[in-house]
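Here is the structure we will look at.
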Amino acid sequence: MAELKKEDLLKAYRTMREIRDFEERVHKEFATGKIPGFVHLYAGEEAVATGVCSHLTDDDRITSTHRGHGHCIAKGVDIIGMMAEIFGKKTGSCCGKGGSMHIADLEKGMLGANGIVGAGGPLGCGAALAAKFKGKGGVAVVFFGDGASNQGTILESMNLANIWNLPVIFLAENNGYAESTGVKYNVPTPNIADRAAGFNMPGVTVDGNDFFAVYEAAGEAIKRAREGGGPTLLECKTNRFYGHFEGDAMTYKAPGEVKRQREECDCLKIFAAKATAAGLVTAAELEAIDKEVAALIDEAVEKALAAPNPTEADLLTDVYVSY
Amino acid sequence: MSRKISFKDAINEALSQEMERDGSVIVMGLDNAGGRGTEGQLDAWGGVLGVTKGLYGKYGDRVIDTPISESSYIGAAVGAAACGMRPVVEMMFSDFFGVCFDQMMNQAAKFRYMFGGKAVTPVTMRTCYGGGFRAAAQHSQVLYSVFAHIPGLKVVVPSTPYDAKGLLTQCIRDNDPVIFMEHKVLYAMKGEVPEESYTIPFGKANVVREGKDATIVAIGWMVHKALQAAQSLSKAGVECEVIDPRTVSPLDFDTIIKSVEKTGRLVIVDESNPRCSMASDISSVVAQNAFKALKGPIQMVTAPHTPSPFSGALEDLYLPSPAKIEAAVKATM
């Protein structure tokens, strides 16, 4: 915590608050029927994306998952554009052609949320390979879930990254559920990070609800990667407050489970308590951020609702650079 | 232009010249150098068929050997392409794309559209394909129709050493994901190839032989079988126009339709299985756009709807042949 300056802490809190409010609002708007398609919310997991991406610049790349809104916001993707994209509007990050599962901003180093579980592993290795050729210390972070930890693509990518000594961090977001199936059923080891040993790389498991724990462990892994020390598997154990997708009744969760997690394991509450107790930030400063973020999310929804739909001309463009 | 080199050497020369010209071009694949991690010779193989032989000596670490782990290394090539490199990644046999189809179909092909036109993914996926080697059902397939079905991918199928060099150079310089299909029977074929670098544009068919009586559209190795058939038919007074599309996505429908409007007859020779093939696709587009020009039924000469057989006795029956093409032309009369 000591190395974090006040401005870093306020920035991290703002990012986590943006993700939380964005997701809570998408949840609400989805219920009105105005948001098309499939939506997977990141609420509850904010400390993971934020703790990791706090170490990254626009030159570093991340690959994401179907639950990608938090990664996008943490990597600096414009929230107004994201909201418009989720509403399927022409002003969206991807002109309304991608939607919730495909938000990307290559200039920010965000290589896309991804509708295919585990697909980001190989892509992240490619991003890290490109960074290695560029030779300027760039890294790639592959975010994947406990479900994706069983995909061949992720395991193959861990092998590839280690034999090629790529500057890549495999970031396992273990929220305990692959859709409705518990991690205890799908993963035979106590921790996903235990698998790192099989690839001869460091494997670390931290409390993913604690921003400071994630920040510290990610910092170490990213520093090692930047210095040519190769990949790390970092597992963050966390919780998702909503269902696998919006509309999921979550009957597989124990009664009161989410309520308890919101009370006891909310990463925003944990962050605020630790940072204020250490005297690094004040409650008033955090409240001021809360207000600014609430206004930003209101603005994003208002703009998304008012934005035009894509037109027939947009249907046929952007398939190829030239054809 | 008198120098003759093989189809294989033409590919190697295109790779070498583009690696020399552009530092962002990297070559990746199984054993592309060969011998890494052994106590024997380095640069031992140049790929299982020797196509990339010698590149490691010239370009060192820009020639990257990969583990037998298609999803990860094809995907890594796609990811590197999205981050500013121009990877040329080799899939030893095109049948193995089945292992990593997601990275081609859902990732490389979709980035540009899904991300609202902002992604550029200049990856070339080279692969060898096709029958004639008694290589059986998992090493002989002709899958360009499958790839051509997918928006976002370009699919290139050269038939000569000259086309192989010019089209591959275009693939590497192109800003979209391209699949470059090398017929294994053609590797040894020699032909005139300029030493200097050149490109052949995509979507421009090559009228290999002019004729007034029937149009034969043939792809890859089949171009040569079509020419044999055309020569034989010429002795009987039937002059066939032979068209090599060179790329099946984009496909030069204009040249094909114009030819059919002249000849009134169409035979398509496609080594793939017949259902949802380039043959059926070309047939349908011509029927839709030049129906009134047709003087007889369109004919398709393809493999049957079976996997590739192993036994030579069966594979010879399986593959299109000049005799089958001749019979098909006669059937349009």
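The values are calculated or read from the model by the stated rules, or taken from the named source; none is laboratory data. Worth saying up front: this structure is predicted, and the values here are computed from it rather than measured. Counting neighbours? That spans all protein chains shown, and the Cβs are built from the backbone with ideal geometry, glycine included.
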Regarding segment A:303-315, can at least one residue be identified that is in contact with a Gly (Cβ under 6 Å, 6 or more places away or on another chain) and within 14 Å of another protein chain (Cβ to nearest Cβ)? yes
Could you pull out the residue among B:Val217, B:Val223, B:Val242, B:Val207 that is under 16 Å from the mean Cα position of the chain (by Cα), part of a strand (DSSP E or B) and closer than 26 Å to B:Ala323 by Cβ? B:Val217
Across segment A:125-169, which residue is surrounded by the fewest Cβ atoms within 10 Å (Cβ to Cβ) among those that are within 16 Å of A:Arg67 (Cα to Cα) and aromatic (Phe, Trp, Tyr)? A:Phe144
Surrounded by fewer than 23 Cβ atoms within 10 Å (Cβ to Cβ) and of a type outside the set (S, T, N, Q): does that describe B:Gly47? no
Considering every residue within segment A:154-177, establish whether at least one is acidic (Asp, Glu), more than 22 Å from B:Met28 (Cβ to Cβ) and not in a strand (DSSP E or B). no
Checking the conditions here, which among A:His102, A:His55 is more than 23 Å from A:Leu234 (Cα to Cα) and at pLDDT 95 or above? A:His102
Listed residues A:Arg240, A:Arg224; which is assigned to a loop (DSSP other than H, G, I, E, B), surrounded by 18 or more Cβ atoms within 10 Å (Cβ to Cβ) and among the charged types (D, E, K, R)? A:Arg240
Could you check how many residues of segment A:153-201 are farther than 12 Å from A:Glu235 by Cβ, of a type in the set (A, V, I, L, M) and touching a residue at least 60 places away in the same chain (Cβ under 8 Å)? 4
When the residues of segment B:171-204 are narrowed to those that are touching a Pro at 6+ places or on another chain (Cβ under 7 Å) and not in a loop (DSSP other than H, G, I, E, B), which ends up nearest to the other protein chains (Cβ to nearest Cβ)? B:Gly191
Matching entry among A:Asp8, A:Asp105, A:Asp21, A:Asp58 (being within 19 Å of A:Ala294 (Cβ to Cβ), surrounded by fewer than 23 Cβ atoms within 10 Å (Cβ to Cβ) and not aliphatic (A, V, I, L, M)): A:Asp21
Within segment B:292-301, can one find any residue that is assigned to a helix (DSSP H, G or I), assigned by TED's automatic domain parsing to the domain that holds B:Gly220 and surrounded by 20 or more Cβ atoms within 10 Å (Cβ to Cβ)? no
Cβ contacts < 8 Å: first residue touching a residue at least 40 places away in the same chain (Cβ under 8 Å), restricted to segment A:111-125; second residue among the β-branched types (Val, Ile, Thr) and in a loop (DSSP other than H, G, I, E, B), any location; separation 6+ or different chain. Result? A:Gly112/A:Ile103; A:Ala113/A:Thr65; A:Ala113/A:Ile103; A:Asn114/A:Thr65; A:Val117/A:Thr65; A:Gly120/A:Thr65
Condition set outside any helix (DSSP H, G or I) and farther than 22 Å from B:Ala109 by Cα, scope segment A:101-140, selection nearest to the other protein chains (Cβ to nearest Cβ): answer is A:Gly138
Which residues, counting only those in segment A:183-237, are of a type in the set (Ser, Thr, Tyr) and out of contact with any helix residue (DSSP H, G or I) (no Cβ under 8 Å at 6 or more places or on another chain)? A:Tyr185
Looking at segment B:36-59, is at least one residue within 7 Å of chain A (Cβ to nearest Cβ) and either of a type outside the set (Gly, Ala, Ser) or in a helix (DSSP H, G or I) (or both)? no
Just to be sure before I move on: is A:Ile62 in contact (Cβ under 8 Å) with a residue 24 or more places away in the chain, within 21 Å of A:Ser157 (Cβ to Cβ) and within 12 Å of chain B (Cβ to nearest Cβ) in the structure I sent? yes
Against the conditions (1) surrounded by fewer than 24 Cβ atoms within 10 Å (Cβ to Cβ); (2) of a type in the set (Asp, Glu); (3) within 12 Å of chain B (Cβ to nearest Cβ), where does A:Glu85 fall short? Just the number, please. (1)
How about segment A:274-292: which of its residues are under 23 Å from the mean Cα position of the chain (by Cα) and either assigned to a loop (DSSP other than H, G, I, E, B) or under 27 Å from A:Gly176 (Cβ atoms) (or both)? A:Lys274, A:Ala275
Quick one: is A:Tyr320 crowded, with 19+ Cβ neighbours inside 10 Å, within 14 Å of chain B (Cβ to nearest Cβ) and modelled with pLDDT of 95 or more? yes
